[in-house]
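Below: the structure, in C-alpha cells.
The values are calculated or read from the model by the stated rules, or taken from the named source; none is laboratory data. Quick caveat: nothing in here was measured; it's all calculated off a predicted structure. Glycine gets a Cβ as well: all are built from the backbone with ideal geometry, and neighbour counts include every protein chain shown.
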Amino acid sequence: MQTKSTDPKVFRRAVGPENVSTEESELEHFRTAGLSSRGEPAAVVRPQGTAQLREVILLARETATNLVFTSSAPPRFRGDTVPAGEGIIVDLSGMDRILRIDRRNKVAYIEPGVTFNNLIERADEAGLKVLMPLLPRKSKSVLACFLEREPIIIPKYHWDMTDPLLCTEMVFGSGDLFRTGTAGSPGGIDRQLKAGLAHKNPLGPGATDFLRIVQGSQGTLAGVTWATIKLEAKPTVHKIYFACDDRLERLVAFTYRALRPRLGDEWLILGARSLATIIAESPGSIDELARRQAPWTLVYGVSGYRYYPEERLAVQENELARIAQAVGVRPVPEVPSCPAKKMEEILAGPSPYPYYKTVPRGAFADVAFLTTLDKAGAMVEVMSTACDAHGYPPSELGIYIQPIQQGRTAHVEFTVYYDPADEADRARACELVEAASWELDEAGAFFSRPYGSLSRIAFRNCPDSVEALRKVKQVMDPDNVLNRGKLCFGEEVV
Amino acid sequence: MISDEAYKELEEAVGVDNVSRHPAVLDSYAFQPFENHESMPWCPRPVAVALPSTTQEVSEVIKACNRHNLKHKAFSTGWGLWCGPTTDDVVQIDLRRMNRIVEIDEKNMFAVIEPYVCGAQLQAEAMKVGLNTHIIGAGPNCSPLASATSMHGVGHDSIYMSYSARNVLGLEWVMPTGEVTRLGAPGSGKGWFCGDGPGPSLRGTMRGYTGALGGMGVFTRVALKLYNWPGPPEIESTGTVVDVMSEVPDCLRIFGCFFPDKDRLADAYYDIGEAEIGYNCLKVATPAFMMILAPHLFKKLKGTENLRRLLGGTLGQMFLIILAGISREDLDHQVDVLKAIVDEHLGFVLDAKNIPTLGSNLAMNFIRATMPALVFRIGGSFSTALGRNDSLDTQLAWGEAIAEIKRGYAKKEMIIDDMGDNPYFVPYENNTWAHCEVVYPYDHRSEKHLAGSSAINMDFIINAIESCMEPMFGVVPSARKVLSPLTSNFNRWQRKLSEALDPDQTSDKGFYTDEAEFDFTNVPPERVERLQKLVEDLTWTELGPPE
C-alpha cells in the first residue's frame, strides 16, 4: 500500500487528545537507536487498553499509516522501534499492570508496560522467581523481551523457544482480536479463571500457533496487549559458582555434560570483558578488572527447594564437581572482585542505570545469533579475526554465550563498544558489525532474530521462508500498517 | 477414479512397484475403525496410494496430484480415522519407505528422522548413546514425526520430555504446492538446532496444539529433541511386548503413590513438580490395569461392589512414577523427596523394588509406553474425552467430571462399564501443566454403543465448553464449526493461512479447516439445546469473548 503522510490528529479519535503527543522531546527517542538509521516519527500515541489499540490499528488501515509498537521506556538500542521512514509510535508502556500472580500454577498475568523490577518484586512476595534474561535494562518491558525471544539464563527452564511466554491477547494488523494458548478457550478470562484455568498452555487454539508466529516479528504482525509468563519456585538455598579457564572448549565440555541431566540453574559463559563490565562498580575499573579475569568464566548456580534442600544442593555440587574434575575444570566461589553473593545479586535483577553495556564507551552494538555450543569457539575466532581486520582489539570485545533449549542451542552475543561522540569510532563499530555479521553467517551463525541491516543477511539464506512469511504478513496485516519495511517485509530484502 | 495419465505420473514419480490403485490395496487404507463412529467403519477410499522414498519423490507426487486436480493426504504409522482421506479424489501418500534415522547428534541432544521411524526404533538407537526420546501414549509403534508435526503428542514421559509439538528443532516440509521448504536453522542451511526464525516462526503455521492432520502438505524430516537417559544402552528383556520382564537398571526406581483423595493427590503433584523429580509419571485408574491386562476376568469381576470400591475408591487416586538418577546419591535424594511429599499428603508408596516381578514388568512397559493400546481388547474399540490441557487442577477436575458422565452411560449399557474411571493423566514439564483424557471402551458391533457414542461425545463437548476448554477433538469438522466462533474464531484464521500457503487447496482439509453440521440423531434434545445456548452465550464479537 502507498505510504501517505501521517496526520497524528486522526488518532485522537481513538485514544483521546491527551494520549497523542508530537513533542520533539518524545519523538527524538524514536529517530535513531544504536546503529540504526534515521526514522521519522510523527507522533506518539498511547492506547489505554485493547479496545483503543484496536481502534488505532483500524484507523491506521483507513489512513495507510505506519504503526510502530513500543512498550519499553528509553534508551533503545536495536532499531526495531525506529520507523523505516515515517510512522506513528504506538506506546504501550502505560499499560503496566500486573493483573494477577498465581502462586500454585507459577504464572504471572502482565501487560506490556510491566518491567522486570515490578514483576520481580511481586513474584518474590509470592515465593516465585522471574526467569531472567541477562541484565535487561531497567526500563525493558518483560513482555517485549520475551516476544523478542530474548534468552533466559536458566537453560533447564527453557524447554522451547517460546518460553517463558505462555498465553497472549493480541490485535492483528487487520484490527482483529485474537487470544492464544488456553486464553483462546471458550469464555472470557474471568470465566476461565473461575473454571480453574491458569493459562499455562501456550499452544493453539486449533492447529495454528499465532504466538509462535508473532514472536520475533518485531511488531510487524500484531500488537500484544497482555500475556501470561511462566514463573518458577524460589529456591530455599542457592549458591553461585564460577569456573574460569583460558580455554573455552573445556567450559563447553563441562556445560554439555552438566546440562544434559539438567544440573545447575543459572548457566552462562562470559568473556573477560563482559564479566568485567557486569561486575565493575565504576567505568574506570573495567579495563583493570578485565585484565584480572581469566579469558573465559562460566557462571553457574545450584539450588535446593522445599524438600531436603541441603541434600539437593549437595547432590548437585557433588555431581558438578565430578564432571568438572573429569573435564579439567575447577569450580571456585569467587573471581577477582566478585564473590558468589555479588554475582547472585547481579543475575537476579535488571541492569543498574546506566545500562551496563553503555558503561565502557557510552554506546555499543551487538551481534547476536544462535549456533550450537560446540561451534561457539569457532565463532569467537571468526569474530576476533574481524576485530583484528578493523583495528578493534579483540580483548575489548564483549562475549556472552548462553545455552538455551536445555543446552541444545547456544545464543552467542558479541558486543562492540564505541564512543557515540567519536564519529570515526562509531563508523569503525558500524563497519565491524556489518563485516563480522557476513563472516559469521558464512561460518554457520543463525541470525534468528535479526535487527536492522542484519535482516538482509538473515533472510537471504531462506528465500522460501521469506515467501511464506510474506503470505502470512498479508493475512495478518493486509494493509501493511505494522512496522513497515522491517525484517523480510521490505522490498530490498532477498 | 484416477485417470491413466495421472496414475502414470505417479508411477514415474515413485516407480511402478510403489504405486497402486488396486481396490483391495486401497481398502486397506480406507478401513479406519478407530474414532470412526459409523456402523461401517470406512473412510472414503483413496483413488491411489503412492509410496515415495525421498523428499523429492514426495514433491513429485504432490505436483502430479496438483496437475490432475487430485488431493493428497499423508499417512505414516497411522492410528485412526484422521489418517485416511475425508473426501473423494485423494491420493494417499504412504510414507513407510521413508524410515531412516538420518542423524543422532549426541552432544546437542537431537535426532533428525523421517516419517516412518517409530518411537521404539528411535528410542533403541538413542539409548545406545545415553539418550531417550519422547514416546506418545498411543505407543512406540507411532511415528514421532507425525505426533510432532501433525497430531497431538502426550506421553507417560511428558513430565521430563514435554509435548511432541514443543520438541521440534527444525523441519522439512513439502508444501501443498509441491515446493520443499525447511523451517528454522535448517532452512538457512545452518544445521538442525533451532526450529524458529529468522524473525517470525513459521512453526506456528505448521501446527498449534493439534496438527493439521495432513491438511497442509507433507512433513518429510524433523529434528526432535532427545533427552538424557541414565540407563544402559540396552535393557535385557524376556517375553513379548506387554508380558515382558526386564532387568530394571539401577538408575531407576518405580513407585505407585496412593492418596486418600483428589485434592491431596493434586497437592502432591504440584510439590513433585517444584522438587523437579520424575522421569515418567502417569495417573492411571487401577481398574484400567485389570481391564487391559485381563479383560475377561475384568468383565466377570466388575459387578463386585467391594472390588469397585477398592479399585475405584480406596486405590483410585494414584499415580505411577519412575525416578531416574544420574548417580546413587541423586536417585536416593529423589526417593527421599518423593517419600516426604507422599507422606505429607497422607499417601503411601508402593515401591516396586519390594515387588521385583512387578517392577520388572512395569519398567519397559512404561518407558516404552506399550500398554495403552491394549484398551482395544475389552470391546474392540474405544474413544476418549479430551479437554484442553492446562493447569493440573483443571485436568483433574476434567477427569472427575467425565468419569461421572461415563457412569451414567455405563449404567444404561451404552458403553462398556470400565468402573467409571479411566483417565490418562500426564503432567508436563515438571508438572507445570498437564493433560487428562478419559477413555471409554465400546463394542463397535453394538448399535446401542454406537448411538451411545454420539450422545456421550456431545456431553463431553458440552462439558468442555462449560469448563472453558477447547475439546481437543475440535479436529472433527462438526466440532470445529461450533467451537471456532467461541475460541478467537481460530478456524477463520486457520483457513486464511491455509488459503495463503495452499492456494489451490490441494491437501485434504477434512481434519484441518473443513466445517460440517453435527448429526444430532442420537443426542437428547435438551443436550442439543444446551449446546446451542452455550454457543449463543459465548460467541465472540469483534471485541472478543463475552466477559
In this structure, does B:Arg530 turn out to be touching a strand residue (DSSP E or B) at 6+ places or on another chain (Cβ under 9 Å) and surrounded by fewer than 19 Cβ atoms within 10 Å (Cβ to Cβ)? no
Of the residues in region A:160-177, those that are facing another protein chain (nearest Cβ under 7 Å) and farther than 17 Å from A:Glu148 by Cα come to A:Leu177
Can you name the condition, by its number, that A:Ala126 falls short on among (1) assigned by TED's automatic domain parsing to the domain that holds A:Arg31; (2) over 17 Å from the mean Cα position of the chain (by Cα); (3) not charged (D, E, K, R)? (1)
Scanning for something among the basic types (Lys, Arg), out of contact with any helix residue (DSSP H, G or I) (no Cβ under 8 Å at 6 or more places or on another chain) and not in a strand (DSSP E or B), does region B:322-339 turn up at least one residue? yes
Looking at region A:447-474 only, could you name the residues that are more than 25 Å from the chain's Cα centre (by Cα) and either among the basic types (Lys, Arg) or surrounded by 21 or more Cβ atoms within 10 Å (Cβ to Cβ) (or both)? A:Lys471
Might you check whether a residue that is at pLDDT below 95, in contact with a Leu (Cβ under 9 Å, 6 or more places away or on another chain) and at the interface with another protein chain (Cβ under 7 Å from one of its Cβ atoms) occurs anywhere in region A:209-220? no
Restricting attention to region B:373-408, report how many residues are under 30 Å from B:His296 (Cβ atoms) and in contact with a Gly (Cβ under 7 Å, 6 or more places away or on another chain). 4
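Out of B:Ala268, B:Ala288, report the one residue that is in a helix (DSSP H, G or I), touching a His at 6+ places or on another chain (Cβ under 7 Å), of a type outside the set (Ser, Thr, Tyr) and surrounded by 23 or more Cβ atoms within 10 Å (Cβ to Cβ).
Answer to the selection: B:Ala268.
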Can you name the condition, by its number, that B:Tyr428 falls short on among (1) within 9 Å of another protein chain (Cβ to nearest Cβ); (2) at pLDDT below 90; (3) closer than 30 Å to A:Asp102 by Cα? (2)
Residue under question is B:Ala410, and the condition is that it be of a type in the set (A, V, I, L, M, F, W, C), assigned to a helix (DSSP H, G or I), closer than 30 Å to B:Glu274 by Cα and outside the structural domain of B:Gly139 (by TED's automatic domain parsing); does it hold? no
The residue that is nearest to the other protein chains (Cβ to nearest Cβ), considering only those in region B:164-182 that are of a type in the set (Val, Ile, Thr) and outside any loop (DSSP other than H, G, I, E, B), is B:Thr181
Kindly indicate whether B:Ala185 is touching a residue at least 24 places away in the same chain (Cβ under 8 Å) and within 12 Å of another protein chain (Cβ to nearest Cβ). no
A:Thr180 is checked against (1) more than 7 Å from chain B (Cβ to nearest Cβ); (2) without any contact (Cβ under 8 Å) to a residue 40 or more places away in the chain; (3) farther than 23 Å from A:Phe116 by Cβ and fails just one. What number does that condition carry? (3)
Can you pull out the residues in region A:112-128 that are crowded, with 23+ Cβ neighbours inside 10 Å and over 27 Å from A:Gln48 (Cβ atoms)? none
Complete set of residues in region B:39-88 that are surrounded by 19 or more Cβ atoms within 10 Å (Cβ to Cβ), under 22 Å from B:Pro23 (Cβ atoms) and either of a type in the set (Ser, Thr, Tyr) or touching a residue at least 60 places away in the same chain (Cβ under 8 Å) (or both): B:Cys65, B:Leu70, B:Lys71, B:His72, B:Lys73, B:Ala74, B:Phe75, B:Cys83, B:Pro85, B:Thr86
For the structure I just gave you, tell me whether A:Thr225 is over 30 Å from B:Asp105 (Cβ atoms) and either within 10 Å of chain B (Cβ to nearest Cβ) or touching a strand residue (DSSP E or B) at 6+ places or on another chain (Cβ under 9 Å) (or both). yes
Residue list for region B:249-259, filter: touching a strand residue (DSSP E or B) at 6+ places or on another chain (Cβ under 7 Å) and not aromatic (Phe, Trp, Tyr): B:Cys251, B:Leu252, B:Arg253, B:Ile254, B:Gly256, B:Cys257
For region A:185-208, which positions are surrounded by fewer than 24 Cβ atoms within 10 Å (Cβ to Cβ), facing chain B (nearest Cβ under 7 Å) and not hydrophobic (A, V, I, L, M, F, W, C)? A:Gly188, A:Asp190, A:Arg191, A:Gly196
Identify all residues within region B:217-256 that are over 29 Å from B:Ile272 (Cα atoms) and in a loop (DSSP other than H, G, I, E, B); write none if there are none. B:Gly217, B:Glu236, B:Thr240, B:Val241, B:Asp243
Filtering region A:85-131 for residues that are closer than 23 Å to A:Gly219 by Cβ and not in a strand (DSSP E or B) leaves a count of 15
Can you find, within region B:514-547, the residue that is nearest to the other protein chains (Cβ to nearest Cβ) among those that are of a type in the set (Phe, Trp, Tyr) and closer than 14 Å to B:Ile462 by Cα? B:Phe518
Could you tell me whether any residue of region B:194-212 is buried (at least 24 other Cβ atoms within 10 Å of the Cβ) and in a strand (DSSP E or B)? yes
Answer yes or no as to whether B:Asn422 is touching a residue at least 60 places away in the same chain (Cβ under 8 Å) and more than 9 Å from chain A (Cβ to nearest Cβ). yes
Could you list, in sequence order, all residues of region B:445-465 that are within 22 Å of the chain's Cα centre (by Cα) and among the charged types (D, E, K, R)? B:Asp459
If you scan region B:339-355, which residues turn out to be more than 9 Å from chain A (Cβ to nearest Cβ) and of a type in the set (A, V, I, L, M, F, W, C)? B:Val342, B:Leu346, B:Phe348, B:Val349, B:Leu350, B:Ala352, B:Ile355
Limited to region A:273-328, what total is found for residues that are part of a strand (DSSP E or B), closer than 26 Å to A:Ser384 by Cα and either within 14 Å of another protein chain (Cβ to nearest Cβ) or touching a Gly at 6+ places or on another chain (Cβ under 7 Å) (or both)? 2
